[in-house]
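Notes for the one structure printed next.
The values are calculated or read from the model by the stated rules, or taken from the named source; none is laboratory data. Quick caveat: nothing in here was measured; it's all calculated off a predicted structure. Glycine also receives a Cβ, built like all others from the backbone with ideal geometry; neighbour counts cover every protein chain displayed.
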């Protein structure tokens, strides 16, 4: 095939001596069968590993011309490893693959073909959409991952099912224009959020997440993400999509509670006023004050709860509207900054 797509397969790796050699060779052997279809390279990002990952990676690069290695002198976390892969890839299409191959290497072809076929900017795998499947993943981890992604789907008000997944294909011309800030696992939802701001075309495909092979190395790998940390990270990442929703929802709920309490107090005051003997216009104001004072004497807690809840509700609603305004300003500035970065890159490429 003439003008074959050039694919950079990026594999962030930290303390992966148990599986690095065998899994990189698995990818090489698979991609060798696709050489008629693609030009390709494998880029291993050794993220400051403390075991023999660096040595194994360098040995692979010496043995195979299609393998390159970039070393971080210290552990900079997943986000920085992915950004290093983005900035150092030579291919027109960048595929991020998990070195444990919990998503089969066959998804490389599936994602790349879908990216080309649909002219998409991002193609991402999802085990949670229709047609997806999860096998041998620990129950607690699976439940937490599923609910974090459901939370993000609610927060983003979008139809995607998996925001935290790393296994994706990117159009290089698009992803290199993104100004990414997060340093760890949050980079995956951050990419989707900023791609949504830029109206990028994002395609999601069903995939099989299979930990059968990974479980055989239990205790031999130290790079696995801690479940609780990943869960909390996912929850916090959900706020980047529409932070104002959470403030407005909480504020509206508290406002309803306070109004319910205060309206019942008003009803009791008016009932006492109606049953009193002083209903002349001249004494109406005094009678109302007396009725109010009497109600406060009998139910001071209702006044305090209703009043305090009302004030807190106002604060949450105010924060919601302020965060909505801030989000709009951020999106405008991000869109402008990305456009300028893209234009500068085009100028530099021409020079």
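Okay, here's what the table says:
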read-out	value
Residues being more than 15 Å from the chain's Cα centre (by Cα) and in a helix (DSSP H, G or I) - total across region 101-154	17
Restricting region 200-220 to residues that are in a loop (DSSP other than H, G, I, E, B) and over 25 Å from the mean Cα position of the chain (by Cα), the residue that is modelled with the lowest pLDDT	220
Single condition residue 36 does not satisfy, out of (1) in contact (Cβ under 8 Å) with a residue 60 or more places away in the chain; (2) surrounded by fewer than 21 Cβ atoms within 10 Å (Cβ to Cβ)	(1)
Every pair of residues 6+ apart whose Cβ atoms lie under 9 Å, when the first sits in region 312-338 and is assigned by TED's automatic domain parsing to the domain that holds residue 253 while the second is surrounded by fewer than 14 Cβ atoms within 10 Å (Cβ to Cβ) and not in a helix (DSSP H, G or I)	334/179; 337/179; 338/179
Odd one out for residue 207 among (1) over 17 Å from residue 78 (Cβ atoms); (2) surrounded by fewer than 22 Cβ atoms within 10 Å (Cβ to Cβ)	(2)
Candidate set from region 62-87 (those that are closer than 24 Å to residue 106 by Cα and surrounded by fewer than 16 Cβ atoms within 10 Å (Cβ to Cβ)); member that is farthest from the chain's Cα centre (by Cα)	63
Options 182, 177; residue that is buried (at least 16 other Cβ atoms within 10 Å of the Cβ) and farther than 24 Å from residue 102 by Cβ	177
Condition broken by residue 44, with the remaining ones in (1) farther than 29 Å from residue 181 by Cβ; (2) part of a strand (DSSP E or B) satisfied	(1)
Those residues of region 45-61 which are closer than 20 Å to residue 7 by Cα and buried (at least 19 other Cβ atoms within 10 Å of the Cβ), in sequence order	45, 46, 57, 60
Filter result for residue 96 (in contact with a strand residue (DSSP E or B) (Cβ under 9 Å, 6 or more places away or on another chain), in the same structural domain as residue 120 (by TED's automatic domain parsing), surrounded by 18 or more Cβ atoms within 10 Å (Cβ to Cβ) and within 14 Å of residue 207 (Cβ to Cβ))	yes
Of the criteria (1) within 16 Å of the chain's Cα centre (by Cα); (2) surrounded by 18 or more Cβ atoms within 10 Å (Cβ to Cβ); (3) touching a residue at least 60 places away in the same chain (Cβ under 8 Å), which one residue 197 fails	(2)
Residue check for residue 23: over 19 Å from residue 180 (Cα atoms), out of contact with any helix residue (DSSP H, G or I) (no Cβ under 9 Å at 6 or more places or on another chain) and surrounded by 15 or more Cβ atoms within 10 Å (Cβ to Cβ)	yes
Filter result for residue 252 (modelled with pLDDT of 90 or more and not assigned by TED's automatic domain parsing to the domain that holds residue 16)	yes
Matching residues, region 18-33, being under 28 Å from the mean Cα position of the chain (by Cα) and either in a helix (DSSP H, G or I) or free of Cβ contacts under 8 Å to residues at least 40 places away in the same chain (or both)	20, 23, 24, 27
Criterion (at pLDDT below 85 and closer than 30 Å to residue 192 by Cα) met by exactly one of 301, 325	325
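Residue-wise test of (1) farther than 23 Å from residue 238 by Cα; (2) out of contact with any helix residue (DSSP H, G or I) (no Cβ under 8 Å at 6 or more places or on another chain).
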position: 104; (1), (2): yes, yes
position: 111; (1), (2): yes, yes
position: 118; (1), (2): yes, yes
position: 123; (1), (2): no, no
position: 129; (1), (2): no, yes
position: 134; (1), (2): no, no
position: 139; (1), (2): no, yes
position: 143; (1), (2): no, yes
position: 146; (1), (2): no, yes
